[in-house]
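Undergrad: Handing you this structure, nothing more for now.
A short reminder: the numbers here are calculations on the coordinates, not readings from a lab. Nothing here was measured: the structure is a model prediction, and the numbers come from that model. Ideal geometry is used to build each Cβ from the backbone, glycine not excepted, and the neighbour counts take in all protein chains shown.
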Amino acid sequence: MAHPEGEIMTDAETMFAVHPERATAPKTEIQAIVYGYHGMPRHILGPHVVTADDGAQVVIRAFRPLDARVDVLDLATGERTPMVRVHELGFFEARFPGRTTPFAYRLVVVDPAGHEFELEDPYRFGPMLTDYDLFLFGEGNLIYSYEKLGAHFREVDGVRGVNFAVWAPNAERVGVVGPFNGWDTRAHPMQRHEPSGVWELFIPNLPEGMHYKYAVKSRFLGYEMNKADPYGFYAELRPSTDSRVWDIGKYVWQDQAWLDNRAARQALDQPINIYEVHLGSWRRVPENNGFLSYRDLAHQLVEYVQQMGYTHI
């Protein structure tokens, strides 16, 4: 992957050189990861089977820009294999000669202060959106798109995490950022699904309530911005703008009686009188001219509409 057109390698980029004798990945691919413009990170990060001078072997690659050391922990044997830093900005690689099948593992990372953590690698997990999902989305027929796009809790191979998916067809790179990665736009690049323009990434072990945004870099003029999730299920109140991971599946609906009566109430032979309202400006809190909450509106607005003789809002 070439450097984006119109951008020039800086002194900092040339100073932090790749060590080609240590790496199995192409130099241009490594640079695209560490400088944050790779659109297909699964093609290089995570486990891969490559052919080297000593035959086919498993290679595991990781980008950990804030860590001093990274090891691979084989979950079956408990063996730890140190990863080699092949780029000073935090691109690591470990080779496993004689092994030709990817295996379950975790990353053991050591930060600059010497603290050690055991982490799941997002790039050892495959995509969760199916070709059929993307086909329907491209047709405009993915009717329940909120079940696929946004942030959803999933469990893969016994590992619980959050699958992120967003449509950004004009993006060169999209990443997930939040407190879990120090808001580093390079740390969790998403995988682009061609030709749909949908980007996806599964991040293990994120808790409910975690703040996040999408770090979007446009393919036009290098425009970059952290964006809230258009399919988000939980958002901060203004002036904050973060999205938050939330499990909507645990909500217990209590409107079955209303659903049962809806068909009769909306029959063609029943009266209808619709009240159109902008909730934000309909009524304010007198003390501070603030906005009413949905719970406040549920009582005040409904009572007002009933008094005025309206049947629908």
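Undergrad: For the range 170-313, count all C-alpha to C-alpha pairs, find those more than 24 Å apart, and express that count as a whole percent of the total.
TA: Summing the P(r) tail past 24 Å for the range 170-313 gives 56 percent.
Undergrad: Also: Taking the mean number of other Cβ atoms within 10 Å as a proxy for protection, how do you rank 252-262, 33-43 from highest to lowest?
TA: The peptides rank, most packed first, as 33-43, 252-262.
Undergrad: Quick one: which residues, 5 or more positions from R99 or on another chain, have an amide H under 5 Å from its amide H? H modelled 1.01 Å from N in the peptide plane, none for Pro or chain starts.
TA: Here V58 satisfy the definition.
Undergrad: Still on this structure: Largest first and in whole Å, what are the equivalent-ellipsoid semi-axes of the chain based on the Cα gyration tensor, each being the root of 5 times an eigenvalue?
TA: Working through the eigenvalues yields semi-axes of 47, 22, 19 Å.
Undergrad: Additional query: May I ask for the net charge around A68, where only other residues with Cβ less than 11 Å from the Cβ of A68 are counted and Lys, Arg are +1 while Asp, Glu are -1?
TA: 0
Undergrad: Let me ask another. Report the calculated FRET efficiency for Q270 and Q300 (r = Cβ-Cβ distance, R0 = 30 Å), to the nearest 0.05.
TA: Efficiency, rounded to the nearest 0.05: 0.75.
Undergrad: Amide H neighbours of N205 under 5 Å, at least 5 residues apart or on other chains, H built in the peptide plane: list them.
TA: Under 5 Å from the amide H of N205: R160, G161, V162.
Undergrad: Another question, if that's okay. Once phi is turned into ³J(HN,Hα) by the Karplus curve 6.51 cos²θ - 1.76 cosθ + 1.60 with θ = phi - 60°, what whole-Hz value does each residue of the range 274-285 show in order, with x for glycine and proline?
TA: Taking θ as phi minus 60°, the curve returns 9, 9, 9, 8, 9, 4, x, 10, 4, 7, 10, 6 Hz for the range 274-285.
Undergrad: Straight-line reach from K250: which lysines have Cα under 28 Å away, leaving out those fewer than 8 places along the same chain?
TA: Partners found: K148, K213, K227.
Undergrad: Once a ≥ b ≥ c are taken as the square roots of the eigenvalues of the Cα gyration tensor of the range 36-91, is the result rounded (a/c under 1.5), prolate (a/b larger than b/c) or oblate (a/b not larger than b/c)?
TA: Here the range 36-91 falls in the oblate category.
Undergrad: Moving to a separate point now. Ordered by packing density, taken as the mean number of other Cβ atoms within 10 Å over each peptide's residues, highest first, how do 123-135, 290-302 rank?
TA: Listed from highest to lowest mean packing, they are 123-135, 290-302.
Undergrad: Please turn the phi angles of the range 209-214 into ³J(HN,Hα) values with the Karplus equation 6.51 cos²θ - 1.76 cosθ + 1.60 (θ = phi - 60°), one per residue in order, whole Hz, x for glycine and proline.
TA: Computed from phi, the couplings for the range 209-214 are x, 4, 6, 7, 8, 9 Hz.
Undergrad: Amide H neighbours of R173 under 5 Å, counting only residues 5+ apart in sequence or on other chains, H built in-plane at 1.01 Å?
TA: So R173 has HN proximity to K217.
Undergrad: Would you mind computing, in nm to one decimal, how far apart the modelled labels at F220 and A235 are, each placed 7 Å from Cα along Cα→Cβ?
TA: Roughly 2.3 nm, to one decimal.
Undergrad: At what distance in nm do the modelled label points of Q307 and F135 sit from each other, each positioned 7 Å from its Cα along Cα→Cβ?
TA: Going from the Q307 label point to the F135 one covers 5.7 nm.
Undergrad: Is the range 11-118 best put as rounded, prolate or oblate by its Cα gyration tensor, with a ≥ b ≥ c the root eigenvalues, rounded for a/c under 1.5, and otherwise prolate when a/b is larger than b/c, oblate when not?
TA: It is oblate, given that a/c is not under 1.5 and a/b is not larger than b/c.
Undergrad: Taking θ = phi - 60°, what integer Hz values does the Karplus form 6.51 cos²θ - 1.76 cosθ + 1.60 yield along the range 34-50, in sequence order, with x for Gly and Pro?
TA: 6, 9, x, 9, 8, x, 10, x, 5, 5, 10, 7, x, x, 9, 9, 10
Undergrad: Once every DSSP H run of n ≥ 4 in the chain is given -39500 (n - 2.57) and the sum is divided by its residues, what mean residue ellipticity at 222 nm do you get, rounded to the nearest 500 deg cm²/dmol?
TA: Calculated at 222 nm, the ellipticity per residue is -4500 deg cm²/dmol.
Undergrad: If you don't mind, another one. How far apart, in nanometres, would the label points at T24 and E118 be if each is projected 7 angstrom from Cα along the Cα-to-Cβ direction?
TA: 2.5
Undergrad: Classify the range 131-250 from the C-alpha gyration tensor, please: rounded if a/c falls under 1.5, else prolate or oblate depending on whether a/b exceeds b/c.
TA: Rounded.
Undergrad: Let's test the formula: R0 of 22 Å, r as the Cβ-Cβ distance of H43 and R99. What FRET efficiency results, to the nearest 0.05?
TA: 0.60
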